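Structure, as C-alpha cells:
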Amino acid sequence: TGIGKTMAALYPALRAMGGGLCARVLFLTARTTGRRSAMEAMERLQAAGASAMAVELTAKDKACPHPVRDCRPEVCPQARGFYDRLPAALEEALGGGRWGAADIAALAQRHELCPFELSLELARIADVVICDYNYVYDPFVAVDALMSGPGGAALLVDEAHQLAPRVQDGLSAETDMHALRELRRETGRALGRRDALYRALSGAIRALDALAQEPEFESGRLEAPPKALVTALYRVLDAAGEALARGAGACAAQAFSLGMSWQYASTHFCERYAVLTENGEEGPRVRLLLLCAAPEILARSQRARGTVYFSATLAPFDAAKRMLGTEQGDACLLLASPFDPAKLHVRIAPIDIRYAVREQTAPQVAAEIAAHLRLHRGNTLVFFPSYAYMARIADLIADEPGLEGTVLLREARGMREEEKNTLLSVFERPEAERRPALCCVLGGAFSEGIDLAGDRLSNVIIVSTGLPQPDTRVRAMQRYYQEQGEDGFFLCMTLPGMVRVIQAAGRLIRTEEDSGSLLLIDSRYGHARTRALLAGTLIGDALGL
C-alpha cells in the first residue's frame with residue numbers, strides 16, 4: 001500500500017511527461033495479504049488517473065469451484081467449449097480496471113468458464129499482473145506468456161527476502177518412508193492395488209528401504225543422487241502421468257509432483273546440491289537439497305525488462321546479492337524508515353537464552369514477559385524460537401500474579417488459515433477487561449503478512465535473536481558457503497535470524513499514527529554484529545544505533 005501511495009503521488013507528473021507503461025508489470029508476492037495490498041495500490045493508482053488493467057492470479061485448486069478438480073473437458077462443464085465462450089468474457093473484462101480473484105470468479109460464473117484459465121487469459125492482456133512467485137520462478141508452474149508479448153515484462157518482487165528460500169525448496173526434492181507409504185495407501189484406496197501407480201510406489205518404497213541399509217546412508221556420505229531410488233521415482237512419475245490422463249485425483253497429482261521434483265533435482269544435480277540422509281521419526285528420509293538458488297533466480301530475472309526486489313529486510317546488500325544473484329550495474333537503495341522512532345519504545349532484557357541454559361533461565365524469561373504485560377496495556381504478540389520453548393514459558397507465565405486481565409493464547413503447529421484467522425479475530429475487538437497475548441513462533445504464521453494497525457496491537461515481545469535450528473539443512477548450507485570462502489554462520493544463521501526478528505517486530509508499527517512497545521529478550525542483542533543488522537531499521541533508530 002505504501003508503494004501505491006508513492007506511485008499515485010508520482011503518477012500525475014509521469015503522465016505530464018508523457019510517460020506510460022512500456023512493459024507488462026508483474027507484481028510477485030508470497031502471501032495472500034501481499035496480493036491484497038497490491039490490489040489496493042492499483043486502486044490508488046487508478047484513482048490518480050492511471051488506466052492500467054490489473055489482474056490477480058490465484059492457484060488452480062483454490063480457484064476451482066468444484067469439490068474435486070478434474071479439468072478434462074468431458075468431465076468439467078467450464079472446460080468444455082471454453083474458447084467458444086471466452087471472447088464474450090474478455091470483452092466484458094476490458095470495461096473494468098481491476099480484476100481480483102473474487103471478480104474473476106464472478107465473471108467466470110456468468111460466462112460458464114474455468115476461473116483459473118480465465119485468469120490466465122486476462123493476464124495475457126493485462127498491464128499489471130499480481131501473482132505468486134511461482135508464476136515466474138518455479139519452472140513447473142511458470143507461465144512463460146506473462147514474460148513475453150509487446151514490451152516484455154518488468155518484475156516487482158515483494159518481500160524479496162523470502163524468494164531465495166522459496167526457489168531453493170521448489171527446486172529441491174525429498175521423500176521419506178512414511179510419506180511414500182501414506183501415498184501408496186491413498187492410491188490403493190482410489191485406484192486399487194493392481195494399478196501401475198500403486199506398483200511403482202511399492203518399488204520406490206523398496207528402493208528407499210534398501211538405500212537405508214547401506215553404510216553411506218547412515219553416515220550421510222552420499223555424494224550423488226541414489227540411482228536405484230531415482231529410477232524408482234521416475235517410474236512413479238510415468239505411472240502418475242498415465243493415471244492423471246485417465247482422470248485420477250489427488251493421489252496421482254501428488255505422486256506426479258513428487259516424481260517431477262526428483263526428475264528436476266537429479267538431472268540438475270551439481271556442486272550447489274547436497275544429498276541429505278537421515279533416519280527420523282518418519283523413517284528413512286532422502287533430500288536433494290539446492291543450497292544456493294542465485295543462478296536460477298538470476299536466469300529468470302534476466303528475461304525481464306527490469307527487476308526490482310524490495311523488502312524491509314534486504315540489508316546488508318552484499319548478502320542479498322549472494323542469495324538473489326547480481327549483475328554489474330545493479331543498483332541498491334536503502335531508505336530510512338518512514339515512521340517516527342519516538343513512537344516505538346524499545347527495551348532489551350539481556351537474559352542468556354542459549355539452548356544449553358534455557359531451562360535454568362526460563363523462570364527469569366517468564367517473569368520478564370509477565371512484568372512487561374503488567375506494565376503495558378493493550379494487545380500483545382509474544383514470539384519464541386520454538387514451539388517447545390513457547391509451551392514451557394507460557395506455562396510459567398500462567399502462574400505469574402497480576403495477569404488476571406490477560407488472555408494467554410498460543411499458536412499451534414500446522415494451523416489452517418481459518419484457525420489462524422480465528423485467533424487473530426480476538427485482536428479485532430479490543431476490550432479493556434480482556435487483553436489478548438498471543439504466543440507465536442518466530443518465522444511462523446504470525447511473523448509476517450498480518451496487519452494489526454491502531455489499537456489492535458500495542459506490544460510485541462521477541463524472545464531470542466531468531467537463529468534457525470542447526471539441522472542438517474542449515475549445516476549443509478553453512479558448509480557450502482564456508483567452502484565458497486564466505487561466512488556460512490552469518491549467512492545461514494545470524495542473518496536469517498535477524499530477518500525473522502525485524503519482520504516480527506514490524507507487526508507493531510503499521511501506520512504513521514501507530515505507537516507501541518517492543519521488548520527484545522536475549523543477551524546476544526548486545527553483540528556488535530547483531531546490533532549492526534538493526535542499524536538503519538526502525539528498531540535501530542529507536543535504540544539510537
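The values are calculated or read from the model by the stated rules, or taken from the named source; none is laboratory data. Just so it is clear, the structure is predicted and the values come from calculations on it, not from any experiment. We place every Cβ from the backbone using ideal geometry, glycine too, and count neighbours over all the protein chains shown. These accessible areas exclude ligands, DNA and RNA; they are computed on the full protein's heavy atoms, side chains included. Shrake-Rupley method; radii C 1.70, N 1.55, O 1.52, S 1.80 Å.
Scanning the stretch 202-218 for residues that are open to solvent by 60 Å² or more (accessible area, probe 1.4 Å) and in a helix (DSSP H, G or I) yields Arg206, Asp209, Pro215, Glu216, Glu218.
Figure legend. Inter-residue proximity from the stretch 143-154: first residues closer than 14 Å to Gln302 by Cβ, second residues open to solvent by 50 Å² or more (accessible area, probe 1.4 Å) and assigned to a loop (DSSP other than H, G, I, E, B), beta-carbon distance below 7 Å, spacing 6+ or different chains. Indicated pairs: Met147/Arg303; Gly152/Arg305; Ala153/Arg305; Ala154/Arg305.
Matching residues to (1) among the basic types (Lys, Arg); (2) closer than 30 Å to Lys321 by Cβ; (3) in contact (Cβ under 8 Å) with a residue 40 or more places away in the chain:
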{"position": "Asn421", "(1), (2), (3)": "no, no, no"}
{"position": "Glu428", "(1), (2), (3)": "no, no, no"}
{"position": "Pro436", "(1), (2), (3)": "no, no, yes"}
{"position": "Leu457", "(1), (2), (3)": "no, no, yes"}
{"position": "Gln469", "(1), (2), (3)": "no, yes, yes"}
{"position": "Gln478", "(1), (2), (3)": "no, yes, no"}
{"position": "Gln484", "(1), (2), (3)": "no, yes, no"}
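Checked against (1) under 22 Å from Met147 (Cβ atoms); (2) assigned to a helix (DSSP H, G or I); (3) touching a Ser or Thr at 6+ places or on another chain (Cβ under 8 Å); (4) touching a residue at least 40 places away in the same chain (Cβ under 8 Å), His372 passes all but a single condition, namely (1). The residue that is nearest to Arg189 (Cα to Cα), counting only those in the stretch 258-271 that are open to solvent by 50 Å² or more (accessible area, probe 1.4 Å) and free of Cβ contacts under 8 Å to residues at least 40 places away in the same chain, is Gln263.
It is to be established whether one or more residues within the stretch 160-177 are outside any helix (DSSP H, G or I), touching a Gly at 6+ places or on another chain (Cβ under 8 Å) and surrounded by fewer than 21 Cβ atoms within 10 Å (Cβ to Cβ). The answer is yes, given that some residue of the stretch 160-177 is outside any helix (DSSP H, G or I), touching a Gly at 6+ places or on another chain (Cβ under 8 Å) and surrounded by fewer than 21 Cβ atoms within 10 Å (Cβ to Cβ).
For (1) open to solvent by 40 Å² or more (accessible area, probe 1.4 Å); (2) modelled with pLDDT of 95 or more; (3) outside any helix (DSSP H, G or I), each residue gets a yes or a no:
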site: Arg473; (1), (2), (3): yes, no, no
site: Gly485; (1), (2), (3): yes, no, yes
site: Val499; (1), (2), (3): no, no, no
site: Ile502; (1), (2), (3): no, no, no
site: Arg507; (1), (2), (3): no, no, yes
site: Glu512; (1), (2), (3): yes, no, yes
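With the requirement that a residue be surrounded by fewer than 18 Cβ atoms within 10 Å (Cβ to Cβ) and either at pLDDT below 90 or in a loop (DSSP other than H, G, I, E, B) (or both), what does the stretch 516-528 give you? Within the stretch 516-528, His527 is the sole residue that qualifies.
Test of understanding: among Val167, Val128, which residue is modelled with pLDDT of 95 or more, closer than 24 Å to Lys62 by Cβ and β-branched (Val, Ile, Thr)?
Working: Val128 fails: modelled with pLDDT of 95 or more.
Matching residue, one of Val167, Val128: Val167.
Just so you know, in the stretch 312-348 the residues that are assigned to a loop (DSSP other than H, G, I, E, B) and of a type in the set (Val, Ile, Thr) include one that is nearest to Gln364 (Cα to Cα), and it is Thr313.
Restricting the stretch 45-69 to residues that are part of a helix (DSSP H, G or I) and more than 14 Å from Ala126 (Cβ to Cβ) leaves a set whose member that is least open to solvent (accessible area, probe 1.4 Å) is Ala63. Mind listing just one residue for me: the one in the stretch 272-322 that is over 28 Å from Thr29 (Cβ atoms) and of a type in the set (Asp, Glu) and, of those, surrounded by the most Cβ atoms within 10 Å (Cβ to Cβ)? Among those residues, the one meeting the criterion is Glu278. Scanning the stretch 529-541 for residues that are assigned to a helix (DSSP H, G or I), without any contact (Cβ under 8 Å) to a residue 40 or more places away in the chain and open to solvent by 20 Å² or more (accessible area, probe 1.4 Å) yields Arg529, Arg531, Ala532.
Of all the listed residues (Arg221, Arg199, Arg194, Arg185), the sole one being open to solvent by 60 Å² or more (accessible area, probe 1.4 Å), part of a helix (DSSP H, G or I), free of Cβ contacts under 8 Å to residues at least 12 places away in the same chain and not β-branched (Val, Ile, Thr) is Arg185.
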